[in-house]
Amino acid sequence: MPFSFKCAAFLCGISLIISINAAAQDGTPAQPLIDPKQAEKAALGNILFNDTSLSSPAGQSCASCHKPDMAFSDGKVVSEGANKAPGVRNTPTLLYAQFAREFRFEDWRRTWAGGQFWDGRSDTLAEQALGPLLNPIEMGNTREALATRLRELSYTHLFEAIYGKEVFASDESLLNATADALQAFQMTDTFAPFTSKFDYAQRGLVELTEQEKLGRRLHDGKASCIDCHSGMTGDKQLFGSFSYHNILTPPNVNLNNGIPDIGLAANQS
Ligand code: HEC
Ligand code: HEC
């Protein structure tokens, strides 16, 4: 990693370096696409995603913070964990998160790109999924407590049908299966609907107004929004880069006892 970049990251340490969170540079998902059990896994993942018994104390599911009717975000500055403690970061949308590739340094644009979380610290949705379940200020489980809870679920037969009996042989395999199912759910079209007016216009189903066409020309041209809000998957536009841009957001002194979040700078090796 070039020294100059690290310097820049630390010099501007008080301003959070964040990612545009809605798109991959080339739209290639980091996760495997062809899996004969994908649909069953996604169905199990959907149940797990909404299961409020998986937090400690019980009462919070993934959907409590990633609300389906709010683009899988929650509209709050930061959300509260299962034990009511305030979090330290804003809940991102999960829409189009499946298009993030692994976290890496890209020489061609001399920046970090990819990864899940605001600092890219998880490479895949599966790796990410255990984060909130085991995070003390989110769903608050230990690995053992979570595994015990999973063994008690009324739908353990679904785990068995997909992953076989051996999934219950160890806590690790059970946790990995849980992460795998949550990932499969987050890979479905529910999380990549492409149903905006823009998407319909791209498919020739509606016509943009003159004002909207002007906005698009500005976005792609003089206003340079496209410099950061680029990225495609196939022929579909994602309006994000899945990379990291310092847009000089000031730190929120009301969070984390006033200790600034250095974001990406904490995740450079
Ligand atoms: C207490 C609220 C809360 C709960 C519960 C929660 N999340 Fe999150 N989620 C967050 C926050 C906050 C972040 C950003 C954290 C960071 O960057 O360090 C996040 C980040 C993510 C991301 C990364 C998205 C991206 O584009 O970077 C994914 C994926 C995700 N959560 C999925 C889940 C799943 C699956 C569950 C349930 C197992 C879950 N979350 C439960 C608040 C929550
Ligand atoms: C230097 C890179 C850069 C440029 C240029 C840029 N943006 Fe952004 N934009 C960002 C970043 C970073 C965010 C924050 C993403 C986040 O917090 O999820 C953002 C967020 C946004 C959001 C909010 C998205 C959301 O989901 O909340 C909108 C809307 C937006 N930009 C529009 C524009 C427009 C319009 C232009 C051109 C006039 C533009 N941006 C130019 C980097 C840029």
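Where a number appears in this text, it was derived from the coordinates with a stated rule and is not lab data. What you see is a predicted model, and the numbers here were worked out from it, not measured in a lab. FYI the Cβ positions are ideal-geometry reconstructions off the backbone, even for glycines, and counts take in every protein chain you see.
Note on T142 and I47: with the Förster distance fixed at 22 Å, the Cβ-Cβ geometry gives a FRET efficiency of about 0.50.
How much of the pair distance distribution for segment 212-255 lies past 16 Å, counting alpha-carbon pairs only, in percent? That tail contains 53 percent of the Cα-Cα pairs.
For the chain, just run the numbers: alpha carbon Rg, then divide by 2.2 N^0.38 Å, N being how many residues it has.
Details: Rg = 19.8 Å, N = 269, 2.2 N^0.38 = 18.4 Å.
Its radius of gyration relative to the 2.2 N^0.38 Å reference: 1.07.
Under a 5 Å amide H cut-off, with hydrogens placed 1.01 Å from N, S243 pairs with I20, G114 among residues at least 5 apart or on other chains.
Take the Cα of L218, step 7 Å toward its Cβ, do the same at Q38, and the gap between the two points is 3.9 nm. The distance from the alpha carbon centre of segment 178-208 to that of segment 239-269 is 27 Å, rounded to a whole number. Between T111 and E106, the built amide H atoms are under 5 Å apart, and every one of these is 5 or more places off in sequence or on another chain. Segment 121-208: D in µm²/s via Stokes-Einstein (Kirkwood Rh, Cα pairs, 25 °C, 0.890 mPa s)? Translational D for this selection: 161 µm²/s.
Taking 21 Å as the limit for the C-alpha separation, the pairs K41/K165; K41/K197; K213/K236 exceed it in the case of K41/K197.
Highest-first packing order for the peptide set 39-48, 166-175 is 39-48, 166-175, based on the mean count of other beta carbon atoms within 10 Å. For segment 50-167, a Kirkwood radius taken over Cα pairs fed into Stokes-Einstein (20 °C, viscosity 1.002 mPa s) yields D = 136 µm²/s. From the mean inverse distance of alpha carbon pairs (Kirkwood) and the Cα radius of gyration, derive Rg over Rh for segment 103-249. That ratio is 1.10, to two decimals.
Short-range pairs are left out: with C-alpha atoms under 8 Å and at least six residues apart, the relative contact order of the chain is 33 percent.
Straight-distance candidates among the aspartates and glutamates for linking to K76, with alpha-carbon spacing under 20 Å and chain neighbours fewer than 8 residues away dropped: D119, E138, D261.
Round to the nearest 0.05 the FRET efficiency obtained for R151 and N252 when R0 = 30 Å and r is the Cβ-Cβ distance. Plugging the Cβ-Cβ distance into 1/(1 + (r/R0)^6) gives 0.15. Between amide H atoms placed 1.01 Å from N, distances below 5 Å from T249 occur with L16, all of them 5 or more places distant or on a separate chain. For L175, the shell of other residues with beta-carbons less than 12 Å away shows a net charge of -2, using +1 for Lys and Arg and -1 for Asp and Glu.
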